[in-house]
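Here's the structure we're looking at; comments come further down.
Just so it is clear, none of the values below were taken in a lab; they were calculated from the coordinates. The model shown is predicted, which means the values in this text are computed figures rather than measured ones. Cβ sites come from the backbone with ideal geometry, for glycine too, and all protein chains shown count toward neighbours.
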Amino acid sequence: MSELSDPPLVCYLLLTSNINVFPSPSSYSSFLLLLPLRYESNQALIAEFGYNLIDALERYIADSDCKIFLKILQGELAEEVRDDEITMLVDIPRVMEDEDVSIHSGVSSGLLPIPIYMRRLRRLLTTKPESAFAKLQKALQFEAKKGRNVAYGELFEEDEDGNQGDFCELLRAQHLEEIIAYDKQLVDAIAAAEEREGGKGELHLSALRDVIQSTDADKPRAEINLYLARGCNCTIQEIGEKETNNEPFEVAEFVLRLRDGLLKKSEKVGA
Amino acid sequence: MIEKETQISVLRKEMGSMRGSQRALTDKYNTLQSSLSRTEVPGSGPGSGSVRSSSSSTAVPVSTAVVEDLVDQIEKLKQQIEEAKMRAKADKVDENVESEAFQPAGNFFNSRGTGDDVPEYLRYDGPLRNWHLSKRECERAVNDVWIAKEEWQGDQEDEESNIHLSDFIYIYCLEK
């Protein structure tokens, strides 16, 4: 009976979705008994789940959860992008709570005036353009329902369908767009540098360092070293040696490995 | 003066009738020339046994037999094209009627086969039912996969626990 209290999701989807696998199973247990009759192998059921999941993800791609899942599933983005998004969604309410406590004499009220919320957000997300902040402010004003204060904790709460508010959805969409844009910018810059060097498919480590720095002037040397180590599949200590030896690296392999992790513009230091 | 005028009108009439007979003779000559060229054997001499374009005297001479041969070939080709069209149409109809895999669009997915280039969780031959998942069901599936992946990776102690999402979905479905 424990199986019934915790039904497998695939079976749940079969039961609840608009499909006619069987003519209306009278009970869940009879459904489970009949299940093998429809699917001659596990693979049929697995594939059916897979195709249906991808179809649904493509249909609901406007939702951040679906978009990020699909992009990671198809290998277009690294899973670290989702980790970074989660970190952002945890950090923002925490920072806002600290701000709330500091302006309300050490007591958390759960509310922050919109101008203060936006000022703190600007200090936190230093790479975001002003046009993006303007959109966020509008979403925030909408969430505040014409009030002056915003309940910062509620901004990130989900409803029963797993949907978040306009502000949170916009913030997540912007985060994803910014990462995709930087990924493209960096890959294009590496390709252009390789073309300038004669199009031999190789680049020296110093040239790769320059390219990464040129796409993000605020990126600290330590972070560039991390990117280079990931792309060259070596340790950070080895990067120094390889750079001194002026070793060339195959660009295609470097890019492939580089994109296997998070690529993101660095926040400005001391902002 | 009257006599001279009479002579002039007579001369004009004669000139007109002479022009008429000249035209008639030219036409007759052309007709005879063309009928003569048709009856002659092709290749018997330059200019003879060939058809000249009536509109231009500079056109390349073409043998009548060659023209007729070409016309025959064109007719045959036309016939072959028509037959091929009919055959293609018939094949298409038969394919739909006979193939068991023919399914109305929208209710089924055409699977990508079982090749190595297809992710393991999508490998299948044949049509698969479309469950028409709602957004809520999709989001629930997404969240469930993420939670299961974190749990699965937490249980693994070796370095291979860092598995790609595409590979994990297969494991997820097998375990479920």
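For region B:108-175, the dipole from Cβ point charges (+1 on Lys and Arg, -1 on Asp and Glu) about the Cα centre works out to 760 debye, to the nearest 20. Applying the Karplus relation 6.51 cos²θ - 1.76 cosθ + 1.60 with θ = phi - 60° to region A:79-93 yields 3J(HN,Hα) values of 5, 4, 4, 5, 4, 5, 5, 4, 4, 4, 5, 7, 5, 4, x Hz, where x marks Gly and Pro. Close amide H contacts of residue A:202 (hydrogens built in the peptide plane, cut-off under 5 Å, sequence separation of 5 or more or a different chain): A:251.
Convex hull volume of the C-alpha atoms in region A:121-271, normalised per residue: 140 Å³. Take the residue pairs A:184/A:242; A:138/B:149; A:128/B:149; A:128/B:135 and return only those whose Cα atoms are more than 28 Å apart. Too far apart for the 28 Å limit: A:138/B:149; A:128/B:149; A:128/B:135.
3J(HN,Hα) couplings calculated from phi for region A:237-250 with the Karplus curve 6.51 cos²θ - 1.76 cosθ + 1.60 (θ = phi - 60°) are, in sequence order, 4, 6, 4, x, 5, 5, 5, 5, 6, 6, 6, x, 10, 6 Hz; Gly and Pro show x. Peptide packing: for A:164-172, B:7-15, the average count of neighbouring Cβ atoms within 10 Å per residue gives the ranking A:164-172, B:7-15, highest mean first. Using a simple spin-label model with pseudo-atoms 7 Å out from Cα toward Cβ, residue B:157 and residue B:75 lie 9.0 nm apart. A dipole drawn for region A:130-269 from +1 and -1 charges on Cβ atoms has a positive end, and of A:134, A:203, A:191 the residue lying farthest that way is A:134.
In a reduced charge model with +1 at each Lys and Arg Cβ and -1 at each Asp and Glu Cβ, region A:167-271 shows a dipole moment near 240 debye about its Cα centre.
Amide hydrogen proximity for residue B:109: with H placed 1.01 Å from N in the peptide plane, the residues at 5 or more positions away or on another chain lying under 5 Å are B:128, B:129, B:130.
Neighbouring Cβ atoms from other chains, within 10 Å of the Cβ of residues in B:165-172, number 4 on average.
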